[in-house]
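**Q** Quick one: structure below, then a few questions.
No lab work stands behind these numbers, since they all come straight from the coordinates. Owing to the predicted nature of the structure, the values given are computational and were not obtained by experimental measurement. Neighbour counts are summed over all protein chains in view; Cβ atoms, including those assigned to glycine, are modelled from backbone coordinates with ideal geometry.
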Amino acid sequence: MYFEVNGKQVFAATGGKPFDNSKPTIMFLPGSALDHTFWGLHSRFFAFRNYCVLALDLPGHSNSEGPALQTIEEIGGWLNDVAEALDLGNVSVVAHSQGCLDALEYVSRYPDRIRSVSFIASGLAMPVNPALIKSATENPEAAIAMMISWGFGPVGHFHRGPIPGNSMAAGGQRIMRRNVPDELAIDLMACDAYKNGQQAAANVAGPIQVIVGAKDRMAPRKATTELVEYLNDPQVTVINESGHMVPQEAPNRTRKLLRDFIFSHNPA
């Protein structure tokens, strides 16, 4: 669906069900240069179980009007603007990669609507290889190739996805190509510049879930360990077979973890 925030058109997928803000809301946040399609399986699962689903395209990404926001702090404030524009209540935030940094800023600063938060494949900070930022600016195809190579574990590289005939890596390339030349570079620079993770994590209240891919090369174990240390009593799960793209590489396991956690803390 399309709606307006701060005078700009924003797109969010609703999981195949009409938007209904009288229900508990699941807000899905994607990683750098990704969009609502990253959450297709998970958004439909919750939408068909009586939740209001918002799988957002950030400003300037895919179907949402630009320009892209320059900093993680700006995105955190914008997410609150979304919640106010749609009059959301009882929000569970589910975030992946850069989306976790966005979620840290949002839920730590605007806790009133938040009922739970799930961080998938991230840390307190996400420093970015300078070569990747340079490529995103000057040669986006090379940057996309790097991110796909580093992002997927063995399941993704050998095209052993959950949907027969579907390549997760090819799907990731297709989405990222919608968000260049500008958005990918802006996202990576925002991640690299973000320094407020420790303070934000310490201010996150309520039920917290952390899901980690054991073979993640973009948010390695050291980064996720630091995130867990500063959060207040998170529920932590490591998925041994997954790389960075956990919701795509291990969709059934991820869905079950999200289901049990959200059903418990934000029941529909």
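**Q** Hey, can you grab everything whose amide H is under 5 Å from the amide H of SER64? Only 5+ residues off in sequence or another chain; H modelled, so Pro and N-termini drop out.
**A** Residues meeting the criterion, in which the H sits 1.01 Å from N, are PHE11.
**Q** For Cα extents along the principal axes in Å, pick the label among (i) 73, 38, 33; (ii) 53, 47, 33; (iii) 44, 41, 41 that corresponds to the value derived from the coordinates.
**A** It is the one labelled (iii).
**Q** Here's a follow-up. Taking amide H atoms as placed 1.01 Å from N in the peptide plane, list the residues 5 or more away in sequence, or in a different chain, whose amide H sits under 5 Å from that of GLN235.
**A** When sequence neighbours closer than 5 places are left aside, the close amide H contacts are ILE208, GLN209, VAL210.
**Q** Want the number for PHE3 to LEU41: 0.36 nm per residue separation, take away the alpha-carbon distance, what's left?
**A** 11.4 nm
**Q** Quick check: pseudo-label points 7 Å beyond the Cα along Cα→Cβ at VAL238 and ASN252, how many nm apart are they?
**A** Once both label points are built, they end up 2.3 nm from each other.
**Q** As a check on your grasp of the helix formula, calculate [θ] at 222 nm for the chain: sum -39500 (n - 2.57) over DSSP H runs of n ≥ 4, divide by the residue count, round to the nearest 500.
**A** Details: 12 runs with 116 residues, N = 268.
About -12500 deg cm²/dmol.
**Q** What whole number of Å gives the distance from the Cα centroid of the range 196-239 to the Cα centroid of the range 4-19?
**A** Between the Cα centre of the range 4-19 and that of the range 196-239, the gap is 29 Å.
**Q** Between Rg and the Kirkwood Rh of the range 169-223, both from Cα atoms, what is the Rg to Rh ratio? Please report the intermediate quantities before stating the final value.
**A** Values: Rg = 14.9 Å, Rh = 14.2 Å.
Rg/Rh: 1.05.
**Q** Please get the size of the charge dipole for the chain, origin at its Cα centre, with Cβ charges of +1 on Lys and Arg and -1 on Asp and Glu, quoted in debye to the nearest 20. Walk me through the numbers before you get to the answer.
**A** On the way: 22 positive and 26 negative charges, 210 e Å.
Dipole size: approximately 1000 debye.
**Q** Continuing with this model, one more query. With a cut-off of 8 Å between alpha carbons and a minimum separation of six or more residues, what is the relative contact order of the chain in percent? It would help to have the intermediate numbers written out before the result.
**A** Working: 565 pairs, mean separation 57.0, N = 268.
Relative contact order comes out at 21 percent.
**Q** Between ALA142 and ASP260, what is the FRET efficiency for a Förster distance of 41 Å, r being their Cβ-Cβ separation, to the nearest 0.05?
**A** On the way: r = 40 Å, r/R0 = 0.98.
According to the calculation, E is roughly 0.55.
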